[in-house]
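For reference, the structure is listed below as structure tokens.
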Amino acid sequence: KAGVTQTPRYLIKTRGQQVTLSCSPISGHRSVSWYQQTPGQGLQFLFEYFSETQRNKGNFPGRFSGRQFSNSRSEMNVSTLELGDSALYLCASSLGQMNTEAFFGQGTRLTVV
Amino acid sequence: GESVGLHLPTLSVQEGDNSIINCAYSNSASDYFIWYKQESGKGPQFIIDIRSNMDKRQGQRVTVLLNKTVKHLSLQIAATQPGDSAVYFCAENPNQGGKLIFGQGTELSVKP
């Protein structure tokens, strides 16, 4: 069974640009959550999508958005990039019911210059 | 300005010893907890989970203990090996779908 796949693995963008990251969950998983990991703030929850609907949202500005497709694949978008958006972006997939295991992908390392 | 990184607690153990990593969680409503291991350059790897109706759960070489009274979680690793060296995170599910709240992490260093 394939794990969670995130693409691309690495990205370098310039301030002001926008970026789209992709996440393919484990087959059969309907929930995809996104997290930002930085040395300063640790792992912080961005949002969760379940059955193409945003189910939960963290405390990030509106520049961070996401969506989920009918095949459960998810994308997140960051517009008007800032230097502080440099981070490892991780997605996690789960079946979506309460209290079920969540499995992470390898992450996308975004560097904003 | 200069950014200040999180200062991760570090646990250094000798190969073969047992390790205990502790975590305090924040939300009394949380009813599901997971321990993750993260190696450099990789995403967090699921180790073991526990639901709030239990106070102990064992896996292969790992045991998780949950004390809801003081909102404390611990991960015990038996016979620690060099391959166990990583950062370990506890995560709580505050009864909000798939949302997880992570602790700051503990860096485990195993000396051969």
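Please treat every number below as a calculation from the coordinates, not as lab data. In this text the structure is predicted, and so the values were computed from the model without any measurement. Using ideal geometry, Cβ is built from the backbone for each residue, glycine included, and neighbour counts are taken over all protein chains shown.
In this simple spin-label approximation, A:F60 and B:Q76 carry label points 7 Å from Cα along the Cα→Cβ vector, and these lie 3.8 nm apart. Residue exposure proxy: B:Y88, A:Y49, A:Y10, ordered by other Cβ atoms within 10 angstrom of their Cβ from fewest to most, comes out as A:Y10, B:Y88, A:Y49. Here each label is just a point 7 Å from Cα along the line to Cβ, and for A:L11 and A:F69 those points are 1.6 nm apart. Within the straight-line cut-off of under 18 Å between alpha carbons, the lysines reachable from B:K56 are B:K68, B:K71, sequence neighbours fewer than 8 places apart in one chain being disregarded.
Remark: the B:S26-B:Q14 segment gains 1.2 nm on full extension, using 0.36 nm per residue and subtracting the alpha carbon distance.
In straight-distance terms, cross-link reach from A:K57 covers every one of the lysines whose alpha-carbon lies under 18 Å from its own, apart from those fewer than eight places away in the same chain; here that gives B:K99. So what is log10(I(q)/I(0)) for region B:4-87 at q = 0.23, 0.25 1/Å, when the Debye sum runs over its Cα atoms only? Debye intensities relative to I(0), on a log10 scale: -1.24, -1.35. Cross-link reach is defined here as a Cα-Cα straight distance under 16 Å, omitting same-chain residues fewer than 8 places apart; for A:K13 the aspartates and glutamates meeting it are A:E82, A:D85.
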